Amino acid sequence: PHLAALVLARGGSKGIPLKNIKLLAGVPLIGWVLRAAIDAGVFHSIWVSTDHDEIEKVAKQFGAQVHRRSPEVSQDSSTSLEAITEFLNHHHEVDIVGNIQATSPCLHPSDLIKVADLIQKEGFDSVFSVVRRHQFRWSEVKKGENKMTEPQNLNPAKRYRRQDWPGELYENGSFYFAKRHLIEKGYLQGGKMAYYEMRAEHSVDIDIDIDWPIAEQRVLSFGYFGKEPLKEVKLLVCSIDGCLTNGRIYVTEDHKEMVSYDYRDVVGIDLLMKRGIQVRLISDRDCSKILSAMQLGCVAKVSVTNKLQVLKDWQEDMGLSWKEVAYLGNEKSDVECLKQAGMSGVPADACAAAQKAAGYICRSRGGCGAVREFAEHIFLLLEKVNSARKQ
């Protein structure tokens, strides 16, 4: 049976404009679930259903196919079931739909693999995600009613300790898998049903703005960053033009070049080196005089025609694995380096090809704090590595 992953990503989010492609921990929100779906390796096709050009662009960058949904199922009142049904009407090859919510950035491939087994090998018609919660419920008393509230799932005289109570299962909205025949009858949950219990730390759903900073910390701690585990970063290679500088060159009357840079980036480089991370600079052009004036104290290679070869030489000379190398670039000449490095980033104004290859997209533009921001991102991920070691 053809199992398709389908992410519904309408452009008209009321709570957060274009929420589905807003950067979360340096990655468009939808990118987190698409990465998990692709790496799970269980889907015959992976789709994003959208009505928005920018969302389509990001979806394709992350390797998904795009279904352009009609205006009729793109309204505020449109339901997920209506959008999924429209998708199936255009894709007769699909037998099972795994509807994955774009707002669940801590989803892991291992969850999707187990759910695919439930529906493909164990014969369930529908499977949905739940999370276990230890919350006591009380009946609602409406304003003006002269009533007492009543306990719903506890005896107040004998309150459970958390460790003595298994809790209750709640839908967390992360995903809903269902077979075609069930959806065509108007159900996402029905037939032979099963739930899949997700770990509490992976159950993150973004609905309102206040959730965003909390979700970023959760993603950095519990998100899925790729098939290989993170390692300690020991080298950052940074492209000079467009990353350390804004890419503009000012020429004086006597033909001397001048560039501008942000002091925050200098501080970022200094912080990295104090943490024992070597910082090296690279450029397509000869900017040695400018580097000398900046007095950064970094090894630099200029007039480079093959950045990847220089990166490989540095990596081999230092005896590092690629997972120990980070790269910050912004142009097409940086793309292969971004793909090769274990950790990669680009400024907000990097070219589309570089953004597609990068693991982290800075909020800051080149020459305006992007290096400092990427340094902070490295520090956060190293905290995750250290926490994993302690566990």
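The values are calculated or read from the model by the stated rules, or taken from the named source; none is laboratory data. Predicted model, so just to flag it, every value in this text is computed and none were measured. Don't worry about glycine lacking a Cβ; one is built from the backbone with ideal geometry, like all the others, and counts go over all protein chains shown. For accessibility, only protein heavy atoms count, side chains too; no ligands or nucleic acids. Shrake-Rupley method; radii C 1.70, N 1.55, O 1.52, S 1.80 Å.
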Per-region count, region 348-379, residues in a loop (DSSP other than H, G, I, E, B) and either in the same structural domain as residue 33 (by the TED database) or not small (Gly, Ala, Ser) (or both): 6
Residue in region 235-245 that is touching a His at 6+ places or on another chain (Cβ under 7 Å) and either open to solvent by less than 60 Å² (accessible area, probe 1.4 Å) or not basic (Lys, Arg) (or both) present: no
Evaluation of residue 290 against (1) in contact with a Lys or Arg (Cβ under 7 Å, 6 or more places away or on another chain); (2) at pLDDT below 90 (one fails), failing number: (1)
Given (1) open to solvent by 60 Å² or more (accessible area, probe 1.4 Å); (2) among the β-branched types (Val, Ile, Thr); (3) under 16 Å from residue 24 (Cα atoms), index of the condition residue 249 fails: (3)
Flag if residue 111 is touching a residue at least 24 places away in the same chain (Cβ under 8 Å), in contact with a Ser or Thr (Cβ under 9 Å, 6 or more places away or on another chain) and either open to solvent by 60 Å² or more (accessible area, probe 1.4 Å) or of a type in the set (Asp, Glu) (or both): yes
Subset tally (residues that are open to solvent by 10 Å² or more (accessible area, probe 1.4 Å) and over 12 Å from the mean Cα position of the chain (by Cα)) for region 46-63: 11
Some residue of region 192-213 being assigned to a helix (DSSP H, G or I), closer than 21 Å to residue 19 by Cα, in contact (Cβ under 8 Å) with a residue 24 or more places away in the chain and not aliphatic (A, V, I, L, M): yes
Any hit, region 359-377, residues being of a type in the set (S, T, N, Q) and modelled with pLDDT of 90 or more: yes
Flag if residue 345 is crowded, with 18+ Cβ neighbours inside 10 Å, touching a Phe, Trp or Tyr at 6+ places or on another chain (Cβ under 6 Å) and not in a helix (DSSP H, G or I): yes
Residue that is modelled with the lowest pLDDT, among those in region 205-232 that are open to solvent by less than 80 Å² (accessible area, probe 1.4 Å) and of a type in the set (D, E, K, R): 211
Selection within region 114-129 - closer than 23 Å to residue 20 by Cβ and either open to solvent by 20 Å² or more (accessible area, probe 1.4 Å) or in contact with a Leu (Cβ under 7 Å, 6 or more places away or on another chain) (or both): 128
Some residue of region 161-174 being modelled with pLDDT of 85 or more, touching a Cys at 6+ places or on another chain (Cβ under 9 Å), more than 30 Å from residue 88 (Cβ to Cβ) and surrounded by fewer than 16 Cβ atoms within 10 Å (Cβ to Cβ): no
Strands (runs of 3 or more DSSP E) contained in region 1-107 and holding at least 1 residues closer than 28 Å to residue 347 by Cα and at pLDDT 95 or above: 3-8, 45-50, 65-68
Subset of region 236-256 [in contact with an Asp or Glu (Cβ under 6 Å, 6 or more places away or on another chain) and modelled with pLDDT under 75]: 247, 249
Sole residue being under 18 Å from residue 78 (Cα atoms) and of a type in the set (Gly, Ala, Ser), chosen from 12, 26, 63: 12
Elements of type strands (runs of 3 or more DSSP E) in region 265-336, at least 2 residues being surrounded by fewer than 18 Cβ atoms within 10 Å (Cβ to Cβ) and without any contact (Cβ under 8 Å) to a residue 24 or more places away in the chain: 299-301
Any hit, region 108-120, residues being in the same structural domain as residue 191 (by the TED database) and over 19 Å from residue 4 (Cβ atoms): yes
